[in-house]
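One structure is given below, encoded as structure tokens.
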Amino acid sequence: VSSQKSGRGAFLLFEGVDRCGKTTQSQRLVEYLKGKGVAAELWRFPDRYTAIGRMIDSYLSGETEADDAAVHLLFSANRWEKREAMLAALHAGHTLVVDRYAYSGAAFTAAKKVPGLDLEWCKAPDKGLPAPDAVIYLSMSPEAAALRGGYGKERYEKEEMQKEVSRQFALLADDTWHTVDAAQSVKAVESQVQEIAEGAVASCSKGPPLRLLWT
Ligand code: FDM
């Protein structure tokens, strides 16, 4: 039996406030890993291309309004509908580099401060999803992020909201988190990210079971 068979891909997750560089870093990491011969795929949430994803997209763009709890559950359902494909890819040995996941889900809804929708409520629907092997949290103050060419036009792209989101993220940090200072140069961030990723890919190649999120 080859060691390849018992191994699996790593689930590497990027989280952080808007404009912290998640998208750039996740793309660069995939290219880097591929260059090292690692089968790596770039995923992102929300996945706006499913039926649920189109509803989310329309809500984020401001085209439609929706109840905060209902929208939260749509974001979660958008992850659950991808669960089987994620598991299949990981078990086939593919490393997934994911741009946002349930931590964004919980942090963004909790940041709205809707009575009843506290952080525990927000985490509940995502309990039991595949858990990341490593969360790479790109840390940056919302003020510094805002200076990076400003926010776009989507619903949550406002400094006050982003400040509260970063407070909620801090409450979600767990033993899978690696905090990287995103205010450094792209290259400096990139090399720290590579080190974290290589460590996780190496340990996942030994085939540890995937964990279930927040259980
Ligand atoms: N977002 C993202 C949520 O509110 N909940 C979630 O579960 C996820 C995954 O959607 F403002 C928010 C975060 C962001 C917006 O994200 C879209 P991208 O990365 O800009 O597409």
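All conditions but one from (1) within 15 Å of the ligand (Cβ to nearest atom); (2) small (Gly, Ala, Ser); (3) touching a Lys or Arg at 6+ places or on another chain (Cβ under 7 Å) apply to residue 66; the one that does not is (3).
With respect to (1) farther than 15 Å from residue 169 by Cα; (2) away from the ligand (no atom under 13 Å from the Cβ); (3) of a type in the set (Ser, Thr, Tyr), the lone exception for residue 141 is condition (1).
Screening region 62-77 for residues that are in contact with a helix residue (DSSP H, G or I) (Cβ under 7 Å, 6 or more places away or on another chain) and under 21 Å from residue 129 (Cβ atoms) and picking the one that is surrounded by the most Cβ atoms within 10 Å (Cβ to Cβ) gives 75.
To keep it simple, each residue is scored yes or no on (1) assigned to a helix (DSSP H, G or I); (2) at pLDDT 95 or above; (3) of a type in the set (A, V, I, L, M, F, W, C).
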{"site": "96", "(1), (2), (3)": "no, yes, yes"}
{"site": "103", "(1), (2), (3)": "yes, yes, no"}
{"site": "110", "(1), (2), (3)": "yes, yes, yes"}
{"site": "115", "(1), (2), (3)": "no, yes, no"}
{"site": "123", "(1), (2), (3)": "yes, yes, no"}
{"site": "128", "(1), (2), (3)": "no, yes, no"}
{"site": "136", "(1), (2), (3)": "no, yes, yes"}
{"site": "150", "(1), (2), (3)": "no, no, no"}
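Scan region 116-149 for residues that are in contact with a Lys or Arg (Cβ under 6 Å, 6 or more places away or on another chain) and surrounded by fewer than 17 Cβ atoms within 10 Å (Cβ to Cβ) and the total you get is 1. There is no residue in region 52-61 that is within 16 Å of the ligand (Cβ to nearest atom), surrounded by fewer than 22 Cβ atoms within 10 Å (Cβ to Cβ), of a type in the set (S, T, N, Q) and over 16 Å from residue 156 (Cβ atoms).
The values are calculated or read from the model by the stated rules, or taken from the named source; none is laboratory data. Here the structure is a predicted model, which means the values were calculated and not measured. In this analysis, Cβ positions are derived from the backbone assuming ideal geometry, glycine residues included, and neighbour counts consider all displayed protein chains.
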